[in-house]
Amino acid sequence: MRIKADFDLCESNAVCVGMAPDVFELDDNDYLVILTEEVDESRREEMRQVVASCPRSALSIAED
Ligand code: SF4
């Protein structure tokens, strides 16, 4: 499973960073960085919650 971000929608409020800091990070300019696009299947439910929590609906899960 891969995590995708629409950087045009993201407003860098770091909700995802707070929920999964090993996957998401804000860089020095406060732009979202996805540290690891490929996330293990075992974390699907967790990633689903992160996607649902993004206030800008900027995140999605892409199937391989
Ligand atoms: S929660 Fe959504 S809007 Fe906020 S930083 Fe993450 S992707 Fe961007």
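The values are calculated or read from the model by the stated rules, or taken from the named source; none is laboratory data. What you see is a predicted model; the values in this text were computed from it and never measured. Here the Cβ is made from the backbone with ideal geometry for all residues, glycine too, and neighbour counts use every protein chain on show. Keep in mind that these areas ignore ligands, DNA and RNA; they rest on the heavy atoms of the full protein, side chains included. Shrake-Rupley method; radii C 1.70, N 1.55, O 1.52, S 1.80 Å.
What the table below lists for this structure:
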| item | result |
| --- | --- |
| Qualifying positions in segment 27-36 - within 19 Å of Arg56 (Cα to Cα) and either within 10 Å of the chain's Cα centre (by Cα) or within 7 Å of the ligand (Cβ to nearest atom) (or both) | Leu32, Val33, Ile34 |
| Pairs, first more than 12 Å from Phe7 (Cα to Cα) in segment 27-41, second among the β-branched types (Val, Ile, Thr), C-beta under 7 Å, six or more apart | Asp27/Val33; Leu35/Val23; Thr36/Val23; Glu37/Ile3; Val39/Ile3; Val39/Val23 |
| Asp8 being more than 8 Å from the ligand (Cβ to nearest atom) and open to solvent by 60 Å² or more (accessible area, probe 1.4 Å) | yes |
